[in-house]
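Before any comments, here is the structure.
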Amino acid sequence: MKTFIALAAGLAMVPCAAFAQDNDNAKLSGVRAEARIGYETPTVSDSTGIYKIGSAVSYGGEIGFDLKVGSKVQVGPYAAYEFSSVKLCDTGACIKEDGNLAVGGRIGVAVSPKAVIYGKVGYTRITFSANAGVLSGSDSKDGVQGAIGVDYNINRNVYLMIEANYGDYGSLGGGVNLARRQLAGGVGFRF
């Protein structure tokens, strides 16, 4: 929890100086890069219910390119990678989420000169590692990701973002399905 608070405080401090600058000409398109921190819950489900593998902090980054296709609409690709601190241990055996990769497309609509509401859809790949005594291994599962979010420019090039994200990784076999839910925030820069 201390790590989460420290990272959140660090992210909040980065754009503070930018608030004093004029942001009437906010840039809402072009190449962008963002630092992200979130809270995620990977789950498994079957006919009897949904079970959390764990809930914990995720952190990473995203790069993308937003191209204006109208006065208010933008589209473009994105790629993100986030590390995770999700871990579940029981009687000496542990399973840990190592990270999540996502690539896909994003469409946004400018709702003001400074704000964009967007949706994303794409491919995602989650990786887990497990160990039980001297035995260990890792495996990855591919899936489909969807997200909705908001970017808000605090000056011409710097923006804050918040996003709700869902990844569906399909069946693990035996009627068990894997999914990931995440709420993330961060700060980004448009070049």
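The values are calculated or read from the model by the stated rules, or taken from the named source; none is laboratory data. Every value quoted in this text rests on a predicted model; they were computed, and no experiment measured them. Cβ atoms come from the backbone with ideal geometry, glycine included; neighbour counts cover every protein chain shown. Calculation scope for accessible area: heavy atoms of the full protein, side chains included, ligands and nucleic acids excluded. Shrake-Rupley method; radii C 1.70, N 1.55, O 1.52, S 1.80 Å.
For residues in region 30-48 being open to solvent by 50 Å² or more (accessible area, probe 1.4 Å) and part of a strand (DSSP E or B), which is farthest from Ile117 (Cα to Cα)?
Kept after step one, since they are open to solvent by 50 Å² or more (accessible area, probe 1.4 Å), are these residues of region 30-48: 31, 39, 46-48.
After this cut, where a residue has to be part of a strand (DSSP E or B) as well, the list is 31, 39, 46.
Working: Val31: 17, Tyr39: 21, Asp46: 34 Å.
Among residues in region 30-48 that are open to solvent by 50 Å² or more (accessible area, probe 1.4 Å) and part of a strand (DSSP E or B), the one farthest from Ile117 (Cα to Cα) is Asp46.
Suppose the filter is crowded, with 19+ Cβ neighbours inside 10 Å and free of Cβ contacts under 8 Å to residues at least 40 places away in the same chain; does Gly170 pass it? Steps first, answer last, please.
Details: crowded, with 19+ Cβ neighbours inside 10 Å: no; free of Cβ contacts under 8 Å to residues at least 40 places away in the same chain: yes.
No.
The residue pairs whose first member lies in region 108-119 and is closer than 12 Å to Ala26 by Cβ, whose second member is among the hydroxyl-bearing types (Ser, Thr, Tyr) and open to solvent by 50 Å² or more (accessible area, probe 1.4 Å), and whose beta carbons are closer than 7 Å, counting only pairs six or more residues apart or on different chains, are Lys114/Tyr152; Ala115/Tyr152. Residues in region 75-87: is at least one without any contact (Cβ under 8 Å) to a residue 24 or more places away in the chain and under 16 Å from Gln182 (Cβ atoms)? For region 75-87, residues without any contact (Cβ under 8 Å) to a residue 24 or more places away in the chain and under 16 Å from Gln182 (Cβ atoms): present.
Test Val75 against the stated conditions and say whether it is under 24 Å from Tyr39 (Cα atoms) and surrounded by 14 or more Cβ atoms within 10 Å (Cβ to Cβ). When the stated conditions are applied, Val75 does not pass them.
Scanning region 106-122 for residues that are of a type outside the set (S, T, N, Q) and out of contact with any strand residue (DSSP E or B) (no Cβ under 6 Å at 6 or more places or on another chain) returns a single hit, Pro113.
Each residue in region 105-125 was checked for being under 16 Å from Tyr166 (Cα atoms), surrounded by 17 or more Cβ atoms within 10 Å (Cβ to Cβ) and of a type outside the set (Phe, Trp, Tyr), and 5 of them qualify. Every condition in (1) of a type in the set (D, E, K, R); (2) in contact (Cβ under 8 Å) with a residue 40 or more places away in the chain; (3) over 17 Å from Gly188 (Cα atoms) holds for Arg125 except the one numbered (2).
Table: residues versus (1) part of a strand (DSSP E or B); (2) in contact with a helix residue (DSSP H, G or I) (Cβ under 9 Å, 6 or more places away or on another chain).
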{"residue": "Leu28", "(1), (2)": "no, no"}
{"residue": "Ile50", "(1), (2)": "yes, no"}
{"residue": "Val57", "(1), (2)": "yes, yes"}
{"residue": "Glu62", "(1), (2)": "yes, no"}
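Within region 51-65, being touching a residue at least 12 places away in the same chain (Cβ under 8 Å) and either within 17 Å of the chain's Cα centre (by Cα) or surrounded by fewer than 16 Cβ atoms within 10 Å (Cβ to Cβ) (or both) holds for Gly54, Ser55, Ala56, Val57, Ser58, Tyr59, Gly60, Gly61, Glu62, Ile63, Gly64, Phe65.
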